[in-house]
Amino acid sequence: MAFCSKCGAVVLDGSSFCEVCGQAIDTDRILGSSHLSPHPVTKEESIQLCNILLSKYTTYEKLKEDIKDAEFQIKKMEVGSNPPRYWLFRFYWPTFIVAAVACFVTTFVFAALIAASGSDAIELAEAPGYLSIPITLLIGIPIAKARQNRANEKLAQNEMMTTARANQIRAQIEDMKRKQSELSEELQDYKELIPLNMRNKNSIIKIKRALDLSQAQTIEEAVEIVKNPRGF
C-alpha cells in the first residue's frame, strides 16, 4: 500500500495524480509503509507523517465499522437448520368454503330441475348437493398441494439466494479483516511514537492541528500537547 507524499492519501497502483489533493505522483516520492520514518525530524516531516497516519487510521476505523455492519447483516440472513415451510392446511382451508357453496348451488340447481319436471320430490335435490361436498374436498387436496409446493419452492429459492449473498458478505468480511490486519501491522511501527489511547483518527487530527498551528515543531511535541493540553 502506497501513499501520496503531499496529503498522505492512499495512491492506487498506476495512478498519475492523487485522487484527493491532485498532487502529481512521482514514483520515487511515493511513501509506502517501508519508507515512513517513525521518528520524523522536521516539522514538514511530522506533518507528512500525520497525513499518512490520518489516512491509515481513517481507513482502519472505516474497515472496523464496515466489518461490524457486515457481521450484523450476516446474523439477520442466517438460515436455520429447519427453515420454515408452509403447511398444507394454509392452502386447503378455502376448499371448505368452496364445498359449502358447491352444496348450495348443486341443491338449488337440482331442485329447479325437479320442479321444472313437475315432480313434487324436491327433497331428492339434497342428495346431489350433499354428494358435492366430499367430491369438492377431494378435488381440493391436489390443488392445495400444488399451491403449497409452489410456495415452498419459492421459499427455498429465496433461502438459496440469501445463503449465496451471506457467503459473499463473509468473503468480503475476510478481505476487510485481512486489510485491517495489514494496516494494524503497519501501524505497529509507530506504537512508541503514538500512545495507545491516541491511536485513532480524532487524536491524529488534533496532533496535526497542533503542527499546522505551529504549536509544536515535531510530532513528539504535538503528542505531548494533545496529551496534556493544560500544560501548554
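The values are calculated or read from the model by the stated rules, or taken from the named source; none is laboratory data. Computed from a predicted structure; not experimentally measured. Don't worry about glycine lacking a Cβ; one is built from the backbone with ideal geometry, like all the others, and counts go over all protein chains shown.
So, of the residues in segment 204-222 that are surrounded by fewer than 21 Cβ atoms within 10 Å (Cβ to Cβ) and of a type in the set (A, V, I, L, M, F, W, C), which turns out to be farthest from ILE194 (Cα to Cα)?
LEU213
Taking the stated definitions as given, is LEU131 under 30 Å from ASP66 (Cα atoms) and either among the hydroxyl-bearing types (Ser, Thr, Tyr) or in a helix (DSSP H, G or I) (or both)?
No, not satisfied.
Condition test on ALA144, is it part of a helix (DSSP H, G or I), in the same structural domain as ALA100 (by TED's automatic domain parsing), of a type in the set (A, V, I, L, M) and surrounded by fewer than 16 Cβ atoms within 10 Å (Cβ to Cβ)?
no
Pairs under 6 Å by beta carbon, first residue assigned to a loop (DSSP other than H, G, I, E, B) in segment 179-200, partner modelled with pLDDT under 90, six or more apart or different chains?
Cβ pairs passing all conditions: LEU193/PRO38.
PRO128 is checked against (1) over 30 Å from THR59 (Cα atoms); (2) out of contact with any Ser or Thr (no Cβ under 6 Å at 6 or more places or on another chain); (3) of a type outside the set (A, V, I, L, M, F, W, C) and fails just one. What number does that condition carry?
Going through (1) over 30 Å from THR59 (Cα atoms); (2) out of contact with any Ser or Thr (no Cβ under 6 Å at 6 or more places or on another chain); (3) of a type outside the set (A, V, I, L, M, F, W, C) one by one, PRO128 breaks only (2).
Residue under question is LYS62, and the condition is that it be more than 30 Å from THR163 (Cα to Cα) and charged (D, E, K, R); does it hold? Give the derivation first.
Details: more than 30 Å from THR163 (Cα to Cα): no; charged (D, E, K, R): yes.
No: the conditions fail for LYS62.
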